[in-house]
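What follows is a single structure, written as structure tokens, with notes after it.
The values are calculated or read from the model by the stated rules, or taken from the named source; none is laboratory data. Please read all numbers here as calculations on a predicted model, not as lab measurements. So basically every Cβ, Gly included, is an ideal-geometry build from the backbone, and we count neighbours across all protein chains shown.
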2 protein chains.
Amino acid sequence: MSEVKLEKWNDLFEKRIFAGLATLMPDGSPQVTPVWIDYDGKHIIVNTAEGRQKDKNLTREPRVSVMLVDTENPYRYLEVRGKVVERTNEGAADHINKMAKKYLGQDVYPFSQPGEVRVIFKIAPEKTNSLG
Amino acid sequence: MSEVKLEKWNDLFEKRIFAGLATLMPDGSPQVTPVWIDYDGKHIIVNTAEGRQKDKNLTREPRVSVMLVDTENPYRYLEVRGKVVERTNEGAADHINKMAKKYLGQDVYPFSQPGEVRVIFKIAPEKTNSLG
């Protein structure tokens, strides 16, 4: 499948938008939760902690959908469907600090729990739906 | 299954929040799109037009998840997982006007397309996840 680029929606990834991340539960039913979101020009990146439901769902089943609604105009939105192509701890601790800078204006992620291990999921976009 | 009540989150349903509605595509992958949302004290109600992807997905597969993020505090959110228990045209035209009043402050839904037939889906809540 040819690579799907998201450049024209770069502004949505630059804003402090809480994306809706839809994953699949073990029984195949959908789950959707708000997440901090990043785009590196190729992959959508989600950062979570090991052992959470998101980690379990994304590790078991790569198919996801991500929704970004423009905070300045809710009738403008982007949905990206795609697949997890990589799960890694590498760079995940630095990346959550980058997300804290974006979403909180803080240099260091302030919500770390004792023993928490961060993990990054890289999602390859396959299809987009958008409005506005 | 005993009925799951959402009263304590009534304020989220009163605000102009665009909910993230996660449904399943024919291949079982998740879809998520922003929707106007209503709660009648028993069911979550989604109003769409016949023939849209949402209509097709909700008619084929009753399992859904709905996410509401508080517009005043994005770290407060509610996720409701549940099942579609009814699909009906009855009252759907009136209901979309009620939604237009809530979301647009207008008495009549202004975006109707020629030949469009509105349809209501009633979702029975089964499980909630929330933060804040």
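Only residues that are closer than 19 Å to B:Ser65 by Cβ and of a type in the set (Phe, Trp, Tyr): list them for segment A:47-100, please. Residue satisfying the conditions is A:Tyr77 alone.
Contact annotation: no residue pair with Cβ atoms under 8 Å, 6 or more positions apart or on different chains, pairs a residue in segment A:111-132 that is without any contact (Cβ under 8 Å) to a residue 60 or more places away in the chain and at positive phi with a partner that is among the hydroxyl-bearing types (Ser, Thr, Tyr) and surrounded by 14 or more Cβ atoms within 10 Å (Cβ to Cβ).
Could you list, in sequence order, the residues of segment B:18-46 that are of a type in the set (Gly, Ala, Ser), more than 8 Å from chain A (Cβ to nearest Cβ) and closer than 17 Å to A:Thr71 by Cα? Before the answer, list the steps.
Step one: filter segment B:18-46 for residues of a type in the set (Gly, Ala, Ser), giving B:19-20, B:22, B:28-29, B:41.
Filter once more, so that each one left must be more than 8 Å from chain A (Cβ to nearest Cβ): B:19, B:41.
Correct list: B:Ala19 only.
Take residues that are loosely packed, with under 13 Cβ neighbours inside 10 Å and in contact with a strand residue (DSSP E or B) (Cβ under 8 Å, 6 or more places away or on another chain) and tell me which of the strands (runs of 3 or more DSSP E) falling wholly in segment A:1-111 contain 1 or more. If you could, list the steps in order and put the result at the bottom.
Details: elements: A:19-24, A:30-35, A:44-49, A:63-69, A:77-88.
Result: A:77-88.
Taking segment A:59-115 as the range and being at pLDDT 95 or above and in contact with a Phe, Trp or Tyr (Cβ under 6 Å, 6 or more places away or on another chain) as the test, the residues that pass are A:Val69, A:Leu78, A:Val84, A:Arg87, A:Ile96, A:Asn97, A:Met99, A:Ala100, A:Tyr103. Residues that are more than 9 Å from chain A (Cβ to nearest Cβ) and under 21 Å from A:Leu24 (Cβ atoms) within segment B:62-77 comprise B:Pro62, B:Leu68, listed in sequence order. Residues that are assigned to a loop (DSSP other than H, G, I, E, B) and either basic (Lys, Arg) or over 20 Å from B:Glu14 (Cα atoms) (or both) within segment B:112-132 comprise B:Ser112, B:Gln113, B:Pro114, B:Gly115, B:Glu116, B:Val117, listed in sequence order. Among the candidates A:Asn57, A:Asn97, the residue that is in contact with a Ser or Thr (Cβ under 6 Å, 6 or more places away or on another chain), farther than 22 Å from A:Lys5 by Cβ and free of Cβ contacts under 8 Å to residues at least 40 places away in the same chain is uniquely A:Asn57.
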